1. Taking only DSSP H segments of four or more residues, each worth -39500 (n - 2.57), what value at 222 nm results for the chain once the sum is divided by all its residues, to the nearest 500 deg cm²/dmol?
2. Excluding residues on the same chain fewer than 8 positions from LYS178, give the lysines whose Cα lies under 25 Å from its Cα.
3. In whole Å, how far is the Cα centre of region 85-102 from that of region 124-173?
4. So what is the accessible area of the chain per residue, in Å², with the probe set to 1.4 Å?
5. With viscosity set to 1.002 mPa s at 20 °C, what whole-number translational diffusion coefficient in µm²/s follows for region 119-211 from Stokes-Einstein and a Kirkwood radius over Cα pairs?
6. With θ set to phi - 60° and the Karplus curve 6.51 cos²θ - 1.76 cosθ + 1.60, what are the ³J(HN,Hα) couplings of region 84-89 in order, to the nearest whole Hz, using x for Gly and Pro?
7. Report the residue, chosen from ILE237, ILE211, ILE36, that carries the largest GNM mean-square fluctuation when the chain is represented by alpha-carbon nodes joined by springs under 10 Å.
8. What distance in nm lies between label points placed 7 Å from Cα along the C-beta direction at GLU295 and ARG268?
Amino acid sequence: MTPEDLKRSLNGVLAFTPTPFTHDDRVDHDGLARHIDHLCITGVHGIVACGGTGEFFSLEMDEYRAVIRTVVEAARRRVPVLVGIGYSTRVACQLAQHAELVGADGLMVNPFYFVEPSEEGAFRHYQALARATGLGMMVFSTRGAVYTPAMVERLAEIDSVIAFKDEYGDIKMFIETKERLGDRMAWINGMAETVAGPYFAAGAKMFTSGIVNFAPHLSMAVWEAGTNASWDELNAIVAYKIRSLAALRERRKGYAISVVKEAMNMLRMPGGAVRPPLLPLTIEDREDLRKILEELELLPL
């Protein structure tokens, strides 16, 4: 898939899939493959492997490469697969080359962590990735790695930079960035379902989701309501179906991942364990999750 083809395909719900770990701390590749097949069947419009929800930061390099291969092979070209690429420029380029080799469709450039490079350093990072592969790239703006409108405009000088994902949550900045670049980028709401309405209004054509892994009907309902401009319906879904899950994911640090995995486990899906330093849900929080899933009629009362 060319970068331009990838840009055109980024429209809909983008699933951030977790990496399931067994209780003896191995990657459950069979479970991961089954889950990718499930996501494709449920109608998601794209999949991200090795993003934050995929605990890329906890994967050894051989595991990282193996997870990329598993996801790509399980998707079988039914939806675009983007791979989260982290770490230093040299390591990121090696992972990007592997992603291209095994058939991934694009790269999501994960935020820098521990170091905060200058804008010039970040630009050179993207330049190096563009030289390393022919894959299209998604810019990922979030707390600690905020891309200003001017910086995104500069990154757009690199032909393979074709998408902008905003997880920083500044709608005004998102709108200004889109005004500068228009159709040059695919515009993605990285704040998920809870603020889908404002991002739809701002011109986002896709939103990322973690809950789509265990409640795809809710994510798809938000998408359909937004594309039909059914704002009252969208707001009702968020208020009465999504908000409680989102609040639980925000209750403690690391829960954005732990809640998704535990919900999948409760629904007999291959969520698996989290890896340290992340922790599983407390007994009390696990019971709250169970009640929420019961109220959503995902678990029997």
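1. -14000 deg cm²/dmol
2. Those lysines meeting the cut-off are LYS7, LYS165, LYS205.
3. Their Cα centres are 16 Å away from one another.
4. Working: 13390 Å² over 301 residues.
Ligands and nucleic acids excluded, the result is 44 Å² per residue.
5. 160
6. x, 10, x, 6, 5, 4
7. Sorting by GNM fluctuation, first place goes to ILE237.
8. Each label point is offset 7 Å from its Cα along the Cβ direction, giving 2.5 nm.
The values are calculated or read from the model by the stated rules, or taken from the named source; none is laboratory data. Everything numeric here is computed off the predicted structure, so don't read it as measured data. Quick reminder, even Gly has a Cβ in these numbers, built from the backbone with ideal geometry, and neighbours come from all protein chains shown. What goes into the accessible areas is simple: the full protein's heavy atoms, side chains included, and nothing from ligands, DNA or RNA. Shrake-Rupley method; radii C 1.70, N 1.55, O 1.52, S 1.80 Å.
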